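What follows is one structure encoded as structure tokens, with my remarks underneath.
The values are calculated or read from the model by the stated rules, or taken from the named source; none is laboratory data. It should be emphasised that the depicted structure is a prediction, and the values quoted were computed from it without experimental measurement. Counting neighbours? That spans all protein chains shown, and the Cβs are built from the backbone with ideal geometry, glycine included.
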């Protein structure tokens, strides 16, 4: 029926927006992170193998699972969108906030590993882990434009949950299971360093989608 066709179209469009928002919110960070360090003459913070891992293992499976996300409850209650509204409408602030938050977290752990501990490999390992875990957290806040991860829930998209769990354990293997540490130039971390990585990665939960919906409402109220 026409109603089912409209519903299907809205679900596909919503999931495309989720997919784009997730990838754009994260991919600019590594470019800025590596580029800024190169410009000021500091060691490259992430090696090519680490970047490849982030793109293929950390981002890939969750992004695919996100593109098959179940529909929102209000998918048929929303008014039609304007034909002039671009597919990235309302995403800019989310992308900017995610990029700056992740960048700050990665710089902080790299400074701790390299500047305080004096170990380039440790600094790279910590920055790599923050990048991985931050992205695996932010993906949950990409599922809705109105509600954060805790309100949407973590069990309503089991394929995403499985993809995230697999990515986490695969990343841990890069740190602890030979010969992967030698291939990726990673080193084990002590409890304090793990605490830093986990706490700073968790800042991804602060990139709240509600902020941007409120911003849209304020813009509409002024029109």
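Tabulated data for the structure shown
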{"quantity": "Residue check for residue 172: modelled with pLDDT under 95, at negative phi, out of contact with any helix residue (DSSP H, G or I) (no Cβ under 6 Å at 6 or more places or on another chain) and surrounded by fewer than 19 Cβ atoms within 10 Å (Cβ to Cβ)", "calculated": "no"}
{"quantity": "Subset of the range 184-198 (residues that are surrounded by 12 or more Cβ atoms within 10 Å (Cβ to Cβ) and part of a helix (DSSP H, G or I))", "calculated": "184, 193, 194, 196, 197, 198"}
{"quantity": "Of all residues making up the range 68-116, the number that are under 23 Å from residue 161 (Cα atoms), under 14 Å from the mean Cα position of the chain (by Cα) and part of a loop (DSSP other than H, G, I, E, B)", "calculated": "0"}
{"quantity": "Residue count, the range 152-169 (criterion: in contact (Cβ under 8 Å) with a residue 60 or more places away in the chain, in contact with a helix residue (DSSP H, G or I) (Cβ under 7 Å, 6 or more places away or on another chain) and outside any helix (DSSP H, G or I))", "calculated": "1"}
